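Have a look at the structure below before the remarks.
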Amino acid sequence: MFIYFLLHIACKSTIVFPMKIMLQFPEGLKRNAIAKAKELEAEGHIVFIASAPCYGACDICLDEARAVGAQKIIHFGHAEFMPIKSDIEIEYVPHYETIPEENLHATMKKAIVELKDYKKVGLVTTVQHIKQITDVEKLLVAAGKTIITEKGGVHVRHQGQVLGCDAISAVLAAKEADCILYFGGGKFHPLGIPALKPVLVADPYLGSAYWITQEIEKLRKRRQGAILMASKSKRFGIIVSTKVGQFNLSGAALVKKKLAEKGREGYLLVSNEIHPISVANFNSFDAYINTACPRIGDDHDVYDKPIVDLTDFKRLLELMV
Ligand code: SF4
């Protein structure tokens, strides 16, 4: 009976077992690291903070955690990207922004003016704004719009969510919608949306609404140009990232094989983070095939050589004689 009593007490109270914990924050949230470390240390944990840049939930600091013997990683800012097989527990703590109501209303007022010629609006956002997306939707519906939201690919967790590498929710919405509205800050995410329909950005940080369709098209044309130039290349660097959500060695090996079949040389360039200058120092490659984050090619200018993403590799092979 006494044992049952003890078990009952144990279940009712929160027992914290001291652990070695690695904290990981994206750049914009690193300012919160010390407060979180203090909180966990006060609970008796041994805390480490990953200091390398972190770009997304594809980028989990497993190597650092292993090196210090951490039993758990707490990854802040992003929702889970994919299941990761690891002996280290990974907890995701997404960051949700709360845009003050007056800013949200002022931004959407401008967006609604821009949307005057469009009835059906495909609505997308990032995980940071997912909790306020219903407020955005209500304002659009009150303005007479029909809202379309879709669920994206395997790496997203919410209806209407986009990632820099996963705009499937926008692509699906574009089938029915007259235009796409991206709600959120910055250009990185909306530039990843294919311009199948006009794309409007409602940026609550700038308090503005602007069309980004032409910039998306410009990027697409640049990609096409890179494929054409690379098709004439002889020696390729095949970029492989060891970041857990970007690692694609089998894809890279297949690229090397297919290049060889076309009489081209391919070399696997492996690193955790891709540094354009380090890669350029080989001074050996006519072009690159990127098997890592598909947005690496956005920095086309700093590589000084054409970069073709793996998703465009089939097209590249077709162009090779
Ligand atoms: S692969 Fe690139 S775009 Fe996708 S989550 Fe990672 S850093 Fe972001």
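For segment 73-121, name all the residues that are exposed (fewer than 13 other Cβ atoms within 10 Å of the Cβ), within 16 Å of the ligand (Cβ to nearest atom) and touching a residue at least 12 places away in the same chain (Cβ under 8 Å).
Once the filter is applied, which keeps residues that are exposed (fewer than 13 other Cβ atoms within 10 Å of the Cβ), within 16 Å of the ligand (Cβ to nearest atom) and touching a residue at least 12 places away in the same chain (Cβ under 8 Å), segment 73-121 yields only 82.
Go through segment 145-167 residue by residue and tally those that are outside any loop (DSSP other than H, G, I, E, B) and either within 15 Å of the ligand (Cβ to nearest atom) or small (Gly, Ala, Ser) (or both).
Count: 3.
Which condition number in (1) surrounded by 15 or more Cβ atoms within 10 Å (Cβ to Cβ); (2) in contact with a Phe, Trp or Tyr (Cβ under 9 Å, 6 or more places away or on another chain) is the one that residue 317 fails?
Evaluating residue 317 over (1) surrounded by 15 or more Cβ atoms within 10 Å (Cβ to Cβ); (2) in contact with a Phe, Trp or Tyr (Cβ under 9 Å, 6 or more places away or on another chain) leaves (2) as the failure.
What pairs come up if the first residue lies in segment 144-164 and is touching a residue at least 40 places away in the same chain (Cβ under 8 Å), the second is away from the ligand (no atom under 12 Å from the Cβ), and their beta carbons are under 7 Å apart, counting only those six or more places apart or on different chains?
Final answer for the pair search is 156/169; 158/130; 161/125; 161/130; 161/169.
Just need a number here: residues in segment 209-262 that are surrounded by fewer than 17 Cβ atoms within 10 Å (Cβ to Cβ), of a type in the set (Lys, Arg) and within 15 Å of residue 192 (Cα to Cα).
Residues meeting the conditions: 4.
Tell me, yes or no, whether segment 264-273 has at least one residue that is assigned to a strand (DSSP E or B), at pLDDT 95 or above and in contact with a Lys or Arg (Cβ under 6 Å, 6 or more places away or on another chain).
yes
Conditions (1) surrounded by fewer than 20 Cβ atoms within 10 Å (Cβ to Cβ); (2) within 16 Å of the ligand (Cβ to nearest atom); (3) not in a loop (DSSP other than H, G, I, E, B), marked per residue:
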position: 169; (1), (2), (3): no, yes, yes
position: 172; (1), (2), (3): yes, no, yes
position: 181; (1), (2), (3): no, no, yes
position: 187; (1), (2), (3): yes, yes, no
position: 196; (1), (2), (3): yes, no, no
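For residues that are within 15 Å of the ligand (Cβ to nearest atom) and crowded, with 18+ Cβ neighbours inside 10 Å, tally how many sit in segment 16-49.
Of the residues in that region, 2 qualify.
The values are calculated or read from the model by the stated rules, or taken from the named source; none is laboratory data. If you're wondering where the values come from, they're calculated on a predicted model, not measured in any experiment. Cβ: placed from backbone, ideal geometry, glycine included. Neighbour counts: every protein chain shown.
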